[in-house]
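To start, the structure itself, in structure tokens.
The values are calculated or read from the model by the stated rules, or taken from the named source; none is laboratory data. Note that the structure is a prediction, hence the values are computed from the model and not measured. Every residue, glycine among them, receives a Cβ derived from its backbone with ideal geometry; neighbour counts consider all protein chains shown. Calculation scope for accessible area: heavy atoms of the full protein, side chains included, ligands and nucleic acids excluded. Shrake-Rupley method; radii C 1.70, N 1.55, O 1.52, S 1.80 Å.
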2 protein chains.
Amino acid sequence: MAPITNARVLFAAVPKDFPIPGETTVHDTSAKIDLETVPLNGGFLIKTLVLSIDPYMRGRMRPAGTKSYSEAFTLGAPIDGYGVCVVLRSENSAVAPGTFVYGTFPHQQYTVLPNPQALTFLEKDPKLPWTVYVGAAGMPGQTAFCGWKEFSHAKKGETAFVTTGAGPVGSMVIQLAKREGLKVIASAGSDEKVEFMKEIGADVAFNYKTTDTRAVLAREGPVDVFWDNVGGDILDAALENTAIHGRHTFNPRPAGYNTGYQGIKNMHEVFARSLTISGILVFRLQYKYAEEFYATIPRALGAGKIKYREDVSRGLETVGDMILRVQEGRNTGKAVVVVSEE
Amino acid sequence: MAPITNARVLFAAVPKDFPIPGETTVHDTSAKIDLETVPLNGGFLIKTLVLSIDPYMRGRMRPAGTKSYSEAFTLGAPIDGYGVCVVLRSENSAVAPGTFVYGTFPHQQYTVLPNPQALTFLEKDPKLPWTVYVGAAGMPGQTAFCGWKEFSHAKKGETAFVTTGAGPVGSMVIQLAKREGLKVIASAGSDEKVEFMKEIGADVAFNYKTTDTRAVLAREGPVDVFWDNVGGDILDAALENTAIHGRHTFNPRPAGYNTGYQGIKNMHEVFARSLTISGILVFRLQYKYAEEFYATIPRALGAGKIKYREDVSRGLETVGDMILRVQEGRNTGKAVVVVSEE
């Protein structure tokens, strides 16, 4: 069999603010691969099925020297991110051809990996497409699940407040909170998102662009558990309306990657209300809760007991547009690119 | 026996910024009391021995309508605060004359109380004066003890950073951290305080006015456990030098009562480092740890295994000056007013 194109998405330039498709990331078709003869050197060959497009990716589009919690993308090389792949050939007896793996992969059609380190072997729920395994059953779902388990200390009858409640993380948090018997207040930036939040069980859902957050929280609070995907003024509003011994979980959000993070103004409230604020990064917590997560969440998603929304595009060439779409908050569900069918 | 003077300290006016002795608080000698005939109505009569002067008192010197975690002082009435009193007469069989009680009392020489609710009965360690029971063996000591137990999750070999390390709370935190085998970095605002912090065991002690906090933390950190009595820029410096999964305890401090609190600038660090920040107010935690505290800390203080410093004045008429002294940070140890001898 002759070599075929191995399309890739290259990191071509550091964005000034928002990433520009075709400039900061470039779809490249110059590389070739022979699937039958490419040397595996004891490793295995995978085909990329789906790739996750996430807000945090903007943070990796920076010069190589800048330190952060995640590595910078390498200029001239493919970007990488969460995805699901299928094993085509293998020289590792623990990784059989036909196995599906979840983890972090280069944004290209085919990849040879030396070992399965840091990969999760997936069994597909027959009712779910692979796209869900990078969304509600992947990193965003795990962010919500791990953060809720680790930091919420939720008790039945308490009140939760979730910002960006229509997003992949927020919508999972709303549903986890409802399953545990909490009253849920949820905010988002459009009336259509408000409708979705009501559909998935939010008791009080509002559009923060047209409704005064402080008034809602004063009427419906105080808030025992606050899931903060937004920060800035809404964080301050929540601080002012949090119950004594409230728990805040602070989760990265797109805005800050492009325009910087606004700090907490009224730290006074943190001690006056005996609050605890915890920052969450899923990759430091996911292993602790992985078994429980995979044993419960995909099944609940497949059975329709937990709902999700996706915003799916097809073809590796759509990655650049999808990254921008996510950074601008225009996606209407978890952003996923389908690269190949099984 | 004829009525005698029952001197009091009245809340006379709301301070604009710093409290002014004789203006915002007034020493008043107009009230009389007959210790033998004053009606007890089933309660008991106490004589005030010592009164604690604390930073948080400034927060209570506000107009009645302003909400906060503590009640406002009442204009025209005595201020109140932590103290130790001795029971003189009693109509309550659970409160015998000669009993010593710790709790919150009006700033006056004699008081009739209806019941012992919220009071702690004290047994005095023979090596300790009563003043210590409102300091290292009282509220500030309990703040350090409860906060450390509840929030530090300290492990031997970790590094702690304590600000205001020569103060009554900070100095106790330093010693608790050393007892648990941590490396302790401590800061304060004078070379004399730096010496004291070294005496009580701080491994690295520095004057933040003459030494760059960021440089010290970069060299001696990262910080696993941060005890923050200061906030503002030092809090931001600590955030930048905190270990992954670091724990911050945020404790009220004098500056904010007079000039407002500076917020956190770089919330980014909170999730990038997976930090947890907890606000502490001792009155919400002290009952949980009271038994352990009184069983261990006074004995360790009496035996000299935990060290403390006091700044003691004598006479109720010195309360106003002492309050200002504390708000200005001029006190050289835990501020206490001795009102009467046993």
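Using the heavy atoms of the protein chains alone and a 1.4 angstrom probe, what is the accessible area of region A:139-283 per residue in square angstrom?
32
Need one value for A:238-251: mean number of C-beta atoms belonging to other chains within 10 Å of its residues' C-beta atoms.
2
How much accessible area does B:Ser30 have with a 1.4 Å probe, in Å² rounded to the nearest 10?
Using a 1.4 Å probe on the heavy atoms, I get roughly 80 Å².
Note down the magnitude of the dipole of region B:139-283 about its Cα centre, charges +1 on Lys and Arg C-beta and -1 on Asp and Glu C-beta and zero elsewhere, to the nearest 20 debye.
For region B:139-283, the charge dipole is close to 260 debye.
Averaged per residue, what accessible surface does region B:1-59 expose to a 1.4 Å probe, in Å²?
On a per-residue basis, 43 Å².
In the protein assembly as shown, if every C-alpha pair distance is counted and binned at 20 Å from zero, what percent goes to each bin?
All Cα pairs, binned at 20 Å, distribute as 17, 41, 28, 12, 3, 0 percent.
Taking 8 Å as the Cα distance limit and 6 or more residues as the minimum spacing, I'd like the relative contact order of chain B as a percentage.
After rounding, I find 19 percent.
Once you charge only the Cβ atoms, +1 for Lys and Arg and -1 for Asp and Glu, what is the size of the charge dipole of chain A about its Cα centre, to the nearest 20 debye?
Here the size comes out at about 480 debye.
State the answer as a single residue: which of B:Gly170, B:Ala7, B:His245 lies farthest towards the positive end of the charge dipole of chain B, with beta carbon charges of +1 for Lys and Arg and -1 for Asp and Glu, about the Cα centre.
So the residue we want is B:His245.
Per residue of the protein assembly as shown, what 222 nm ellipticity follows from adding -39500 (n - 2.57) for every DSSP H run with n ≥ 4, rounded to the nearest 500?
-7000 deg cm²/dmol
Which residues' amide hydrogens lie under 5 Å from the amide hydrogen of A:Val184, considering only partners 5 or more residues apart or on another chain, with H built in the peptide plane?
Excluding prolines and chain starts, which carry no amide H, the hits are A:Ala160, A:Asp203, A:Val204.
How long are the semi-axes of the ellipsoid equivalent to chain A, from square roots of 5 times the Cα gyration tensor eigenvalues, in whole Å, largest first?
Values: eigenvalues 278, 96, 59 Å².
Ellipsoid semi-axes (Å, largest first): 37, 22, 17.
How well do other chains shield peptide A:69-77, expressed as the mean number of their Cβ atoms within 10 Å of each residue Cβ?
Values: counts 7, 1, 0, 0, 0, 0, 0, 0, 0.
Mean partner-chain Cβ count within 10 Å for A:69-77: 1.
Pick out, from A:Ala218, A:Leu235, A:Tyr208, the residue whose Cα sits farthest towards the positive end of the charge dipole of region A:202-244, with +1 on the Cβ of Lys and Arg and -1 on the Cβ of Asp and Glu.
Highest projection toward the positive end goes to A:Tyr208.
Hey, could you get me the Stokes-Einstein D for region A:139-283, Kirkwood radius over alpha-carbon pairs, 10 °C and 1.306 mPa s, rounded to whole µm² s⁻¹?
Stokes-Einstein gives a translational diffusion coefficient of 108 µm²/s.
Give me the dipole magnitude in Debye, nearest 20, for the protein assembly as shown about the Cα centre, with unit charges on the beta carbon: positive for Lys and Arg, negative for Asp and Glu.
440
Restricting to Cα pairs below 8 Å that are 6+ residues apart, what does the relative contact order work out to for region A:1-107? Please round to a whole percent.
That works out to 29 percent.
Pop out the carbon and sulfur fraction of the accessible area of chain A as a percent, whole number, probe 1.4 Å.
52
What does the average come to when, for each residue of peptide A:278-287, you count the partner chain Cβ atoms lying within 10 Å of its Cβ?
That works out to 4 on average.
Taking both sides together, what accessible area is buried at the A/B interface, probe 1.4 Å, expressed in Å² and rounded to the nearest 100? The partial results should precede the final answer.
Details: alone 14870 and 14880 Å², together 27420 Å².
Interface between A and B: roughly 2300 Å².
For the peptides A:204-213, A:221-230, A:154-163, what is the packing order when you average, over each peptide's residues, the other Cβ atoms within 10 Å and list the highest mean first?
A:221-230, A:154-163, A:204-213
Who wins for biggest fluctuation among B:Pro97, B:Pro55, B:Pro168 in a Gaussian network model of chain B, springs between alpha carbons below 10 Å?
B:Pro97
Please label the shape of region A:46-129 as rounded, prolate or oblate, based on the square roots a ≥ b ≥ c of the eigenvalues of the alpha-carbon gyration tensor (a/c under 1.5 means rounded; beyond that, a/b larger than b/c means prolate, else oblate).
Prolate.
In whole Å, how far is the Cα centre of region A:76-111 from that of region B:20-51?
Each part's Cα centre sits 79 Å from the other's.
What is region B:76-219's relative contact order, in percent, from Cα pairs under 8 angstrom and six or more apart in sequence?
Relative CO of region B:76-219 lands at 14 percent.
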